[in-house]
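Quick notes on the structure that follows.
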Amino acid sequence: MAVSANQTPFHWRAIPGSQKSAVLILLYPKHGQWHIALMLRVKGDKTHSGEISFPGGRMEEKDPSPTFTALREAHEELDIHPEKVEVLGELTQLYIPVSNFLIYTILAYTHKTPQFRARESEVAEIMEVRLKDLLAPQALQKIPMRLGSGLRILVPSFEVGPHPIWGATAMIMNELLELVKRR
């Protein structure tokens with residue numbers, strides 16, 4: 001890939017030494033509708049602080065699998081009990097160059113509405129989003145974002161609540177919604 005002196009190469013595939021992480025998409029019923037839990041991360045000095053995300057985080061050396069990591073992190077962040085969910089499978093791995101994370105996405109469901117409890121040191125807000133709202137044609141918009149380099153671009157974003165869902169979370173969400181539409 002050729003780049004000029006003032007550009008940074010963009011890698012679509014994970015590079016050696018990338019950090020593995022895992023997130024959990026939990027489908028659950030609430031008021032007769034399927035929902036998904038998202039969270040607003042607390043603001044701080046971490047790369048993805050202050051952003052909307054699925055529960056999840058970095059794989060630790062002791063974690064035997066991405067599924068274990070996703071369930072462990074979801075329990076730590078939102079008090080989702082691993083024994084109360086059924087894992088359906090894994091979506092496509094996604095590499096995020098800005099943070100050098102290779103994200104594994106685990107899809108699971110539960111038949112009962114969870115009683116979420118946020119870990120205040122990591123989670124500023126819990127968002128419960130109806131699946132049907134995400135599937136609505138007007139949900140997917142393009143919003144302006146300023147990159148760290150100062151460049152302004154339009155990025156796809158799901159607009160279904162007070163906070164835009166963009167970046168890796170929107171990319172993962174889009175794959176999920178495509179799977180749902182095929183069913």
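Table: residues versus (1) of a type outside the set (S, T, N, Q); (2) open to solvent by less than 40 Å² (accessible area, probe 1.4 Å); (3) closer than 27 Å to Gln19 by Cβ; (4) in contact with a strand residue (DSSP E or B) (Cβ under 8 Å, 6 or more places away or on another chain).
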position	(1), (2), (3), (4)
Leu71	yes, yes, yes, yes
Thr92	no, no, yes, yes
Met127	yes, yes, yes, yes
Leu131	yes, yes, no, yes
Leu154	yes, no, no, yes
Ser157	no, yes, yes, yes
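In the stretch 107-121, the residue that is surrounded by the most Cβ atoms within 10 Å (Cβ to Cβ) out of those that are closer than 22 Å to Val160 by Cα and touching a residue at least 40 places away in the same chain (Cβ under 8 Å) is Ala108. Just to be sure, is Val3 modelled with pLDDT under 95, open to solvent by less than 80 Å² (accessible area, probe 1.4 Å) and either more than 25 Å from Ser121 (Cβ to Cβ) or in contact with a Pro (Cβ under 8 Å, 6 or more places away or on another chain) (or both)? Judged against the criteria, Val3 is a match. Does Glu83 satisfy being open to solvent by 70 Å² or more (accessible area, probe 1.4 Å), touching a Phe, Trp or Tyr at 6+ places or on another chain (Cβ under 8 Å), among the charged types (D, E, K, R) and without any contact (Cβ under 8 Å) to a residue 60 or more places away in the chain? Criteria not met by Glu83.
For the stretch 95-150, what are the residues that are over 23 Å from Trp34 (Cβ atoms) and touching a Lys or Arg at 6+ places or on another chain (Cβ under 8 Å)? Full working, then the answer.
Here is the first cut: in the stretch 95-150, the residues over 23 Å from Trp34 (Cβ atoms) are 95-102, 119-122, 124, 142-150.
Selection gives Tyr95, Phe101, Leu102, Glu122, Ala124, Pro144, Met145, Arg146.
Tally time: how many residues in the stretch 157-177 are more than 19 Å from Ala124 (Cα to Cα) and β-branched (Val, Ile, Thr)? Looking only at that region, the number is 1. For the residues Ile172, Ile126, Ile106, the requirement of being modelled with pLDDT of 95 or more and in contact with a Pro (Cβ under 7 Å, 6 or more places away or on another chain) singles out Ile106. For the stretch 6-29, the set of residues classified as over 22 Å from Ala170 (Cβ atoms), open to solvent by 50 Å² or more (accessible area, probe 1.4 Å) and either of a type in the set (D, E, K, R) or at pLDDT 70 or above (or both) consists of Ile15, Pro16, Gly17, listed by residue number.
The values are calculated or read from the model by the stated rules, or taken from the named source; none is laboratory data. Computed from a predicted structure; not experimentally measured. Because the Cβ atoms are built from the backbone with ideal geometry, glycine has one as well, and the counts that use them run over all protein chains shown. Just so you know, the surface numbers come from the protein's heavy atoms only, side chains and all, with ligands and any DNA or RNA stripped out. Shrake-Rupley method; radii C 1.70, N 1.55, O 1.52, S 1.80 Å.
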